[in-house]
Amino acid sequence: MRRLLVPLLVILTLSGVFFWWWTRPEKVVVRRTAALFEAANVPADSGDLARSTRGPALEGFLAPQVTFEGPEGPTDEIGGSQSRDSIVAMYSGLAKYCRSATIQDLQIESVTVSGDEAQVIAKADAIIELPNDERPVDGIQNFDLTWKKIDGKWLMEKAKWSESSR
């Protein structure tokens, strides 16, 4: 009996420690950030069906209202607070129109959790290529993201970014 009890206790202890580590708010927010950027990718070889799902793929990561602030402050397209539905619709349109949109080499520099709010500082290499070979986004994007826990789920509430060259 004792031979079975010790390994069982070790397995239960390790499982408990892993579960505790995996569910820490910092780890959850890091995974949500990485999954958001992965969902935003539109590979050049994507078909129409895959492109049409890019906007809705973002929906589960966004708060009901999201505030955007670009390098020069708010713009006509994404200035200030936007509803989740309008962001999903705009990104669906971009995904259908662009040749590709890629976000790669995500590096999370810091995560600070305070209650039901988290601040993420990250950077990633991003390129949006349009059909006319124009690249309105092409460089290292520096992100300052605010996530809020709403109904038990971490959702992005604010995104501020700036671009720097490679």
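Tabulated data for the structure shown
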quantity	calculated
Matching residues, the range 91-112, being open to solvent by 80 Å² or more (accessible area, probe 1.4 Å), touching a strand residue (DSSP E or B) at 6+ places or on another chain (Cβ under 8 Å) and either of a type in the set (A, V, I, L, M, F, W, C) or closer than 18 Å to Ala126 by Cα (or both)	Arg99, Gln104, Asp105, Gln107, Glu109
Filter result (in a loop (DSSP other than H, G, I, E, B), surrounded by 10 or more Cβ atoms within 10 Å (Cβ to Cβ) and of a type in the set (Ser, Thr, Tyr)) within the range 1-54	Ser46, Thr53
Residues that are touching a Lys or Arg at 6+ places or on another chain (Cβ under 9 Å), at pLDDT 90 or above, of a type outside the set (Phe, Trp, Tyr) and under 22 Å from Glu163 (Cβ atoms), drawn from the range 55-87	Leu58, Leu62, Val66, Thr67
The listed residue being surrounded by 12 or more Cβ atoms within 10 Å (Cβ to Cβ), under 16 Å from Glu163 (Cα atoms) and in contact with a strand residue (DSSP E or B) (Cβ under 6 Å, 6 or more places away or on another chain), out of Asp116, Asp125	Asp125
Enumeration of residues in the range 1-55 that are hydrophobic (A, V, I, L, M, F, W, C), closer than 26 Å to Thr112 by Cα and under 21 Å from the mean Cα position of the chain (by Cα)	Trp21, Trp22, Val28, Val29, Val30, Ala34, Ala35, Leu36, Phe37, Ala39, Ala40
Checking Glu134 against (1) over 17 Å from the mean Cα position of the chain (by Cα); (2) farther than 21 Å from Pro56 by Cβ; (3) touching a residue at least 12 places away in the same chain (Cβ under 8 Å), the condition it does not meet	(3)
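The values are calculated or read from the model by the stated rules, or taken from the named source; none is laboratory data. Worth saying up front: this structure is predicted, and the values here are computed from it rather than measured. Because the Cβ atoms are built from the backbone with ideal geometry, glycine has one as well, and the counts that use them run over all protein chains shown. To get the accessible areas, we keep the full protein, side chains included, count just its heavy atoms, and leave off ligands, DNA and RNA. Shrake-Rupley method; radii C 1.70, N 1.55, O 1.52, S 1.80 Å.
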